[in-house]
1. Would you give the gap between the C-alpha center of segment 189-264 and the C-alpha center of segment 11-68, rounded to a whole Å?
2. By how many nm would the segment from H410 to L325 grow when fully extended, if each residue of separation counts as 0.36 nm and the alpha-carbon distance is taken off?
3. If you take mean projected area of the Cα convex hull in nm² from the coordinates, which of (i) 21.2; (ii) 28.4; (iii) 18.2 do you get?
4. Could you tell me the relative contact order of the chain? Use alpha-carbon pairs under 8 Å, at least six residues apart, and round to a whole percent.
5. Treating only the Cβ of Lys, Arg, Asp and Glu as charged (+1, +1, -1, -1), what charge dipole size does segment 330-408 show about its Cα centre? Round to the nearest 20 debye.
6. Just flag the GluC sites (Glu not before Pro) in segment 286-384 sitting in loop per DSSP whose Cβ has no more than 15 other Cβ atoms within 10 Å.
7. Exactly which chymotrypsin sites (Phe, Trp or Tyr not before Pro) in segment 246-292 are in a DSSP loop and have at most 13 other Cβ atoms within 10 Å?
8. What FRET efficiency comes out for the pair A218/A124, r = Cβ-Cβ distance, R0 = 30 Å, nearest 0.05?
Amino acid sequence: MARDERTGALEIVRRLRAEGYEALFAGGCVRDEALGRTPKDYDVATSASADRVLALFSGSVPVGAQFGVVLVPAGAARLEVATFRRDGTYLDARHPVEVHFGNAEDDAARRDFTINGMFYDPIAERLIDYVDGQADLARGLIRAIGDPSARVSEDKLRMLRAVRLAARLGFEIEATTWDVIRRDATSITRMASERIGEEIRLILSEGAAARGFELLHASGLLAVLLPEVAAMEGVEQSPEHHPEGDVWRHTLRVIDQLRDPSETVAFGALLHDVAKPICAGRRGDRITFYGHPEQGALMAIEICRRLKRSRAVWERVAYLVRNHLRLVNAPKMRRATLKRFLREDGIDELLEVARIDALGAGGDLQYVEFCRQALGELSHEEIRPEPLVTGRDLIALGHVPGPRFAEILHAVEEQQLEGTLGTRDDALAWVRDRFGVVER
């Protein structure tokens, strides 16, 4: 897909050039190609106005016409094409009050970090750098373009982006830029919760979550955005089960293993022990955290809703947090109970959270392996068999729909899952014997 997008972006550049406009690759794709990485997407910057871009490319959609931004179809993708501009005053920590369309150098100066402020001419195969981005790439530095205070005040989300980029690329944040982030961390709440939540998701998902959260913690951003997670630091755990250290250190080890996770696995891994700080106690010499999965599920819902994640996300994250220790009981479960457990919606994600939770502690995977083996050995029909007895059968036996009705159906399925009932005739005989026939 990335190669197709590059081809599409190149065609856009060629078309704009043919019409007499300047056009260049811009932003993150230039940075990633310079680092030898495959860009996630391609952006084009041009001297053409948004109106001209819309006229030149059929099917284009204006997404920020006042800022000169248009989405242009390129195969299966839509690529962002933006007019060179410089921004006026920002009043809402996100949008400039006015913009002035200009040239590539103006456009570079209004961007966030030097490594994101470069352009690339794909026709001449030439890097264009007005902001010393190449030098910072070589140094491994995330540096604000111009005055860091001004760049952060224009868009507070840039503090989170600096952390995310530093983590993903393995870079350091330049000292003055870092000082501004630490100074202004509390102002991050001026941003929309959806945008904050998306940046947190990306930090968790881009392959360097542990370092990202270490930077969030050191900057003060974590205490503002996720105080429940920051509270994990210093919460002692049993060395026998957690030789890695406190709850914070354990959580870092867990999220460090996230590799292209779903959003729900990412937040489930981060929040699986979120209630330990408030549930911590002692029984003699033992450290206890009674009730932390159940309490943690409630906290996970609150956190996900605060970050404006979807209902489907916070419901699944709550399931993962509530059940992350349940696998320990799997080898002792009755056969029917185990089958019901293994057919639950979300079991694959639960097994993944349990796996990295175990690896983040002592590395004991026996319970995860037990469940995976059981899933491999049991067929779909064994886990989700067709009912031997239906509601119509019970009505024919004189039973009336209601709580007792559901109890009978559940009891029949229990015997079916246990393997003691295998045919419809056997099941009906079992119902008659156990629950009788109701005369009406």
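Read-outs throughout are calculated quantities, based only on the coordinates presented, and are distinct from any laboratory measurement. Since the model is a prediction, treat every value here as computed from it, not as a measurement. Backbone-built Cβ (ideal geometry, glycine too); neighbour counts: all protein chains shown.
1. The two parts, judged by their Cα centres, are 35 Å apart.
2. Values: separation 85, 0.36 × 85 = 30.60 nm, distance 2.55 nm.
Between H410 and L325, full extension yields an extra 28.0 nm.
3. Answer by label: (ii).
4. Details: 688 pairs, mean separation 35.2, N = 440.
Relative contact order comes out at 8 percent.
5. Numbers: 11 positive and 14 negative charges, 83 e Å.
Around 400 debye, computed over segment 330-408.
6. Details: sites: E294, E302, E315, E344, E349, E352, E369, E377, E381, E382; in loops: E344.
Filter output for segment 286-384: E344.
7. Numbers: sites: W248, F267, F289, Y290; in loops: F289, Y290.
Qualifying residues, ordered by number: Y290.
8. Details: r = 42 Å, r/R0 = 1.40.
Rounded to the nearest 0.05, the efficiency is 0.10.
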